[in-house]
Structures are given as C-alpha cells and as structure tokens.
Amino acid sequence: MSPQEKAAAIAICKGSRPIAALTCYDYPMACLLDTAGTDILLVGDSLGMVVLGFPDTTHVTLAHILHHLEAVARAKPQALVIADLPINTYDTPQQALETASKLAAAGADAVKLEGGIRQAEKVRAITSAGIPVCGHLGMLPQRVLEEGGYHKKGKTPEQTRAILEGAQALIEAGVFAIVLESVTPAASREITAAISVPTIGIGCGNGTCDGEIAVITDLLGSFPWFVPPFAKPEADLATQTNDAARKYIERVRRS
Ligand code: KIV
C-alpha cells in the first residue's frame, strides 16, 4: 500500500473500529509491534525522553528522529509509520515541507506536528506535496517550557472550543487523524463526536477517542523513572532486565 492508502485506511476506521497505535524507536521493536498487528508506529519525539535521556522533547533534533526512523523503516512495517516533526523544524510552511520531505525520504508514511490554527498553512504545504499529516492537539509537549509544565487541557468550555477550532483548521488543511493528548474525558468525547477524522488519545481516558496511542516504554514497563498516571503497563521489563543482568554478572563472576 502507498503511504496515502495507508493513511486513508486509518482515516476510515472512524466509526468502525478503534485504532491501536504505539510509539517505536528501533528495528527489533518495529518487527515485534508490527507482527502483533499495531495499526500505527509513531517515531515520536518522546524518543528524547525515553531513549535519549533528555528532560523533555525540546532537545530532539531532526537528526535524532531520522536516525531512529530509518531503523524502524528497515523493518518494512505493514503499519502506518508516522514520524514527528521535531521542535524548530517547522517554523514556516517552506521549512515544514522540507522537513516532512526528509522524513518521507527516510521511510515515514506520514508526519505529525503539534498545534492547531497556526499550523494549518504548514499542514497544507505538506499535504499538497502528497505527504499525509497527523495533527496533535491538547497538551503539546513541545510547549512544555512556555507553559511551565504539563497541564491537562479541555477543562473549560473555552479550552474545548479552542481545541475544536484547531481541529477544524487542521482538517480543512488535510490531516487524516489527530492525536489528542491529556484532554479531559468529557472534552475528548465532545471533540471526537464533532470532527470528521479519527482522534487518537493519550491520557484522555478509556474509550473517549477513536483510538489510543501509548508510549511503548509505558506499555512494557521499561522506563521506571517516569510513569505517567494513565499508563497501563502490560509487562515489567525494567525488573526483568535488571534480574537478567544480575544473573549474568553472578554467573560470570562464579566461573
Ligand atoms: O512523541 C510521542 O510519543 C507522541 C505521543 C505522546 C503521541 O507524540
């Protein structure tokens, strides 16, 4: 399937079945998650925090994303591969298109960027070149420094209306889906019901969006230093890794 067909296949899930998306940053994980049947693999800029050891996503560069995206793309996933446009790489429509083109050339089927109305022209520039775009609204991690932390969104009717207006602007510009991050359950439901493209939620509450995305380290329990309150780990790889390393060290030292 072409990237455009893959993105269209995600878009038509709205109203028919929930979308299951995971972040992914390397080749073996891409093989495993793809075999499991994940709909979307996101090479997200959460990479900076859960793989590269930065305090937030504002340190992530295009070179970082390209390096990890290329590894994921080598798995030739059936899933739609989305890559994040890192902060400061989409400040103008022209720059957004250049960055998106580099990500597409490195194996991304689609790209994702943060923000609403003020990003519409950038989305239009990218989609006009045939590269599918996913929006990202609600809490925007790339703005964590300006906003002084991670704050829940959609707490007031004004906030919900602003997210909705952003969503409509992104849809008119051609996005095929929108990630909603840390939006209250009521606002997520309202936005999901009001818009024509799928919402993919994280930290928005169960069943409030058309799909869900999880950061893979939250699912696997492999990054124990920060676990968001909404994470639902299905494994405890941090403990298992520690145990395996201890057993190996003991074995080597005994021999
Ligand atoms: O970078 C990322 O992992 C993301 C998800 C939180 C949606 O954008």
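The values are calculated or read from the model by the stated rules, or taken from the named source; none is laboratory data. What you are looking at is a predicted structure, and each value in this text was computed from that prediction instead of being measured. We place every Cβ from the backbone using ideal geometry, glycine too, and count neighbours over all the protein chains shown. SASA here: full protein model, heavy atoms, side chains in, ligands and nucleic acids out. Shrake-Rupley method; radii C 1.70, N 1.55, O 1.52, S 1.80 Å.
I'd like the full set of residues that are loosely packed, with under 11 Cβ neighbours inside 10 Å and part of a helix (DSSP H, G or I), limited to segment 238-255.
Ala245, Arg246, Lys247, Tyr248, Ile249, Glu250, Arg251, Val252, Arg253, Arg254, listed by residue number.
Only residues that are within 14 Å of the ligand (Cβ to nearest atom), part of a helix (DSSP H, G or I) and either of a type outside the set (Ser, Thr, Tyr) or more than 24 Å from Val123 (Cα to Cα) (or both) were counted in segment 142-191, giving 3.
Determine whether segment 51-73 contains at least one residue that is of a type in the set (Phe, Trp, Tyr) and open to solvent by less than 60 Å² (accessible area, probe 1.4 Å). Among the residues of segment 51-73, not one is of a type in the set (Phe, Trp, Tyr) and open to solvent by less than 60 Å² (accessible area, probe 1.4 Å), which makes the answer no.
Within the set Lys76, Lys112, Lys122, Lys102, the sole residue that is within 19 Å of the chain's Cα centre (by Cα), within 19 Å of Gln4 (Cα to Cα) and free of Cβ contacts under 8 Å to residues at least 12 places away in the same chain turns out to be Lys76.
Condition first: farther than 14 Å from Asp26 by Cα, within 11 Å of the ligand (Cβ to nearest atom) and of a type in the set (A, V, I, L, M, F, W, C). Now tell me which residues in segment 41-72 satisfy that. Residues satisfying the conditions are Met49, Val60.
Residues that are without any contact (Cβ under 8 Å) to a residue 60 or more places away in the chain, open to solvent by 40 Å² or more (accessible area, probe 1.4 Å) and hydrophobic (A, V, I, L, M, F, W, C) do occur in segment 6-22, at least one of them.
Within segment 28-56, residues that are aromatic (Phe, Trp, Tyr) have Cβ atoms under 6 Å from residues that are within 15 Å of the ligand (Cβ to nearest atom) in these pairs: Phe54/Gly48, counting only partners at least 6 apart in sequence or on another chain.
Checking each residue in segment 210-228 for being open to solvent by 80 Å² or more (accessible area, probe 1.4 Å) and over 18 Å from the mean Cα position of the chain (by Cα) picks out only Trp225. Taking the criterion of being farther than 22 Å from Arg143 by Cβ and buried (at least 22 other Cβ atoms within 10 Å of the Cβ), the residues of segment 163-194 that qualify are Phe176, Thr192. Hey, could you check segment 140-162 for residues that are closer than 18 Å to Pro229 by Cβ and either touching a strand residue (DSSP E or B) at 6+ places or on another chain (Cβ under 6 Å) or open to solvent by less than 60 Å² (accessible area, probe 1.4 Å) (or both) and say which is modelled with the lowest pLDDT? Only one residue fits best here, namely Gly149.
In segment 23-38, what residues are within 16 Å of the ligand (Cβ to nearest atom) and either open to solvent by less than 30 Å² (accessible area, probe 1.4 Å) or polar (S, T, N, Q) (or both)?
Passing the criteria: Thr23, Cys24, Tyr25, Ala30, Leu33, Thr38.
The set of residues in segment 195-209 being under 14 Å from Ala20 (Cα atoms) and either more than 14 Å from the ligand (Cβ to nearest atom) or open to solvent by 30 Å² or more (accessible area, probe 1.4 Å) (or both) consists of Asn206, Gly207, Thr208.
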